[in-house]
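Student: My questions all concern the structure below.
The values are calculated or read from the model by the stated rules, or taken from the named source; none is laboratory data. This is a predicted model, so every value here is computed, not measured. Here Cβ is always computed from backbone atoms with ideal geometry, including for glycine, and neighbour counts include all displayed protein chains.
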Amino acid sequence: MTPEQTRADARPRVHVRPGRFELDAVRGVVAREWILYGQSWRATTFAAIVEPTIYLLAFGFGMGALIGNLAGFSYIDFLGTGIVAVSVMFQSMMPAVINTFIKRRYLRTYQAVLAAPVDVREVVTGEALWLAVRASVYGCVPLLVAVAFGLRPGPGALAVPLVAFLAGFAFALFGIWISSVITSVRSMDYVFSGLFTPLFLVAGTFFPITELPDWVQTAALANPLYHAVELIRGSVFGQLTPGSVLLHTGVLLGFIALMWILACLQMRRRVIS
Amino acid sequence: MTTPPSGRGVRPAPGVPALRLSGVVKRFGSLAAVDGLDLEVPRGTVLGLLGPNGAGKSTTMRMLTGQSLATEGRIAILGHEIPAESKWARARMGVVPQHDNLDEELTVEQNLRMFSYLYRVPRRGRREAVARAMRLAQLQDRGDTVVDDLSGGMRRRLLIVRALLHRPELLLMDEPTVGLDPQVRQELWSLIDALRSEGATVLMSTHYIEEAERLSDEVALMAAGRIVERGVPSELVAKYAGRTVAEFTTGEEGVAGLEHLLHRDGFATRRTGTTVSALRAEEIPDPLLARLGTPHRRAGNLEDVFVALTGENVE
Ligand SMILES: Nc1ncnc2c1ncn2[C@@H]1O[C@H](COP(=O)(O)OP(=O)(O)O)[C@@H](O)[C@H]1O
Ligand SMILES: [Mg+2]
């Protein structure tokens, strides 16, 4: 047999490049999620619409009656934009932690997917991308609800889906990383109470962080949700400067890069022994 | 399976085996699950990997798919080095895992379509690939049935054809019929037979003697992480168990005596309860036979071979 023959024989029919990150593989993972979504979209959509609406009703009427202005915003303006960010975080990080863990531990989904020409980082990227897309669509729902309650957005509101996508990608990767660190369903309680709750409260979502103790304010600067809130509120009311866009986007992108690396490494450790 | 007739595929080079493992070791802490495994599977062969639970079959399969990394040794699949070129290998092979990992809440058609994307079946071939898989599994009327509502046998058939969507050149099956009723197992055998008659290259692990004998061109007997012997089933039986096996049933006190007499004359035996089976029974001289009693004679099988080689039972 000649070397040519060996090489020709080694050529796969599908265009695959081992060792490379391939968008084709990511597309396969996203397609898979799309098919799963076809089965669950009703429940997902229901939750995505009803939850923020209840928050807006409860806080908007309950607190709004007591609070006239907040950090220069009417309460509905402040809250309506804050809840967009909260909603994005719920839509991306929660399923990332829970579903990824269940797929890994109980459904053997990754065994099946990784038997195809797909590598761990392509699975992680595809699943996070899908959650980000979903969060960016559903994240706009509370904004529309808030408009019905009297919020008047500027043209910058068109940037909200984009910011929601970035934040959704960041929190999905964060969630996948957490799901690959924890070893039991029970430890999710620690994650949701100890991490999730402070993250979504101390971010300028329901109230400004300026009234909080100094050290909490400093800590909030490390919270990616805070930067997402600033970008969303700033775009909706046209208050962003080039400097603030750069800062907040930069933090989100940095967080994404860090979480992508951590999620891929830790997930690989879990599924390849 | 093998190269598709359409000519889209590459011509198989006869010199490159479908699968080659040399000196493969996999340790989990101090336990060597696979302990110096050498194995080659030529193209167009169905090789049965026969061994008891814990022999290291699944660990071997997982190393072949790149989901477990060998501690030592070399693995090549269709000429691709594993794990470095694992993605190439995975694009060209299908994998049927021991534990079902279908998406239970999705339909048959959705499960297959999902994997047609993951296996990168070209867009225009996708619908046909899914339809062909459903026909092969005889699930063409079940496209809209949710997996959760399928019988055990149907699920297994779906699991197998899911691995065939991209017309792989090599199929790995880890205990494809484990846990199924004997009758359902027969149905699966005919599916595997159909693949075999198409000239598929298959590595199939099993701990069922009958399955290995019936479906494999060759079997490799695996115990404690190694291959102890390999060959065509009938030839292995002839070599180690002879033409007939004689079973002597006696009281509990007689077993040791029977074994002693047979071993003294160089006959390998196997004990099942109070029955002692003598291999190569056609060679037992009449005077000895007279002292042993009247046996029940039967043909030898791979279980006899396995016991003769390892002292252990497979099933
Ligand atoms: N991830 C693991 N960690 C520790 N031990 C393992 C692991 N996987 C398999 N083993 C051990 O390796 C041995 C071989 O297992 P396995 O390959 O599943 O055998 P088989 O498939 O032939 O029944 C068993 O003793 C099993 O307990
Ligand atoms: Mg096994």
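Student: Scan the stretch B:188-244 residue by residue and report those that are buried (at least 20 other Cβ atoms within 10 Å of the Cβ), in a strand (DSSP E or B) and touching a helix residue (DSSP H, G or I) at 6+ places or on another chain (Cβ under 9 Å).
Tutor: Listed by number, the residues that qualify are B:VAL202, B:LEU203, B:MET204, B:SER205, B:THR206, B:VAL219, B:LEU221, B:MET222, B:ALA223.
Student: For the stretch A:96-108, check the following and say yes or no: at least one residue is within 14 Å of another protein chain (Cβ to nearest Cβ), over 22 Å from A:PHE192 (Cβ atoms), modelled with pLDDT under 95 and surrounded by fewer than 22 Cβ atoms within 10 Å (Cβ to Cβ).
Tutor: yes
Student: Against the conditions (1) over 16 Å from B:VAL178 (Cβ atoms); (2) at the interface with chain A (Cβ under 7 Å from one of its Cβ atoms); (3) within 16 Å of ligand 2 (Cβ to nearest atom), where does B:VAL95 fall short? Just the number, please.
Tutor: Result: B:VAL95 passes all but (1).
Student: Residue under question is A:VAL245, and the condition is that it be out of contact with any strand residue (DSSP E or B) (no Cβ under 9 Å at 6 or more places or on another chain), aliphatic (A, V, I, L, M) and surrounded by 20 or more Cβ atoms within 10 Å (Cβ to Cβ); does it hold?
Tutor: In short, no.
Student: Let me ask something else. Considering only the stretch B:291-315, state which residues are aliphatic (A, V, I, L, M) and farther than 16 Å from B:THR206 by Cβ.
Tutor: Selection gives B:LEU292, B:ALA299, B:VAL307, B:ALA308, B:LEU309.
Student: A:THR2 - would you say it is within 14 Å of chain B (Cβ to nearest Cβ), modelled with pLDDT under 95 and surrounded by fewer than 19 Cβ atoms within 10 Å (Cβ to Cβ)?
Tutor: yes
Student: Let me ask you something else. Only one of these is among the acidic types (Asp, Glu) and touching a residue at least 24 places away in the same chain (Cβ under 8 Å): B:GLU85, B:GLU81, B:GLU109. Name it.
Tutor: Answer to the check: B:GLU109.
Student: Among B:ARG155, B:ARG123, which is without any contact (Cβ under 8 Å) to a residue 24 or more places away in the chain and within 14 Å of chain A (Cβ to nearest Cβ)?
Tutor: Matching residue, one of B:ARG155, B:ARG123: B:ARG123.
Student: Can I ask one more? Given (1) away from ligand 2 (no atom under 16 Å from the Cβ); (2) in contact with an Asp or Glu (Cβ under 9 Å, 6 or more places away or on another chain); (3) within 13 Å of chain A (Cβ to nearest Cβ), identify the lone condition not met by B:ARG62.
Tutor: Against the list (1) away from ligand 2 (no atom under 16 Å from the Cβ); (2) in contact with an Asp or Glu (Cβ under 9 Å, 6 or more places away or on another chain); (3) within 13 Å of chain A (Cβ to nearest Cβ), B:ARG62 comes up short only on (1).
Student: Being assigned to a helix (DSSP H, G or I), under 26 Å from A:TYR226 (Cα atoms), away from every other protein chain (no Cβ under 14 Å) and under 13 Å from the mean Cα position of the chain (by Cα), is that true of even one residue in the stretch A:152-161?
Tutor: yes
Student: Identify the single condition in (1) within 20 Å of B:ILE192 (Cβ to Cβ); (2) in contact (Cβ under 8 Å) with a residue 60 or more places away in the chain that B:GLN138 does not satisfy, given that it satisfies every other one.
Tutor: (2)
Student: Any chance the stretch A:177-184 includes a residue that's in contact with a Leu (Cβ under 8 Å, 6 or more places away or on another chain) and in contact (Cβ under 8 Å) with a residue 12 or more places away in the chain?
Tutor: yes
Student: Another question, if that's okay. Which one is nearest to the other protein chains (Cβ to nearest Cβ), of the residues in the stretch B:27-58 that are free of Cβ contacts under 8 Å to residues at least 60 places away in the same chain and within 16 Å of ligand 1 (Cβ to nearest atom)?
Tutor: B:PHE28
Student: Does A:VAL133 satisfy the criteria of being away from chain B (no Cβ under 14 Å), at pLDDT below 90 and assigned to a helix (DSSP H, G or I)?
Tutor: When the stated conditions are applied, A:VAL133 does not pass them.
Student: I need the full set of residues from the stretch B:13-71 which are within 15 Å of the chain's Cα centre (by Cα) and within 14 Å of B:ALA224 (Cβ to Cβ), in order please.
Tutor: Scanning the stretch B:13-71 gives B:LEU49, B:LEU50, B:GLY51, B:PRO52, B:ASN53, B:GLY54, B:ALA55, B:GLY56, B:LYS57, B:THR59, B:THR60.
Student: Among the residues of the stretch B:163-179, are any more than 16 Å from ligand 2 (Cβ to nearest atom) and away from every other protein chain (no Cβ under 13 Å)?
Tutor: For the stretch B:163-179, residues more than 16 Å from ligand 2 (Cβ to nearest atom) and away from every other protein chain (no Cβ under 13 Å): absent.
Student: Residue pairs, Cβ under 8 Å, 6 or more apart or interchain, first in the stretch B:212-235 and closer than 23 Å to B:GLY23 by Cα, second away from ligand 1 (no atom under 16 Å from the Cβ) and of a type in the set (Gly, Ala, Ser). List them.
Tutor: Cβ pairs passing all conditions: B:GLU218/B:GLY231; B:VAL219/B:GLY231.
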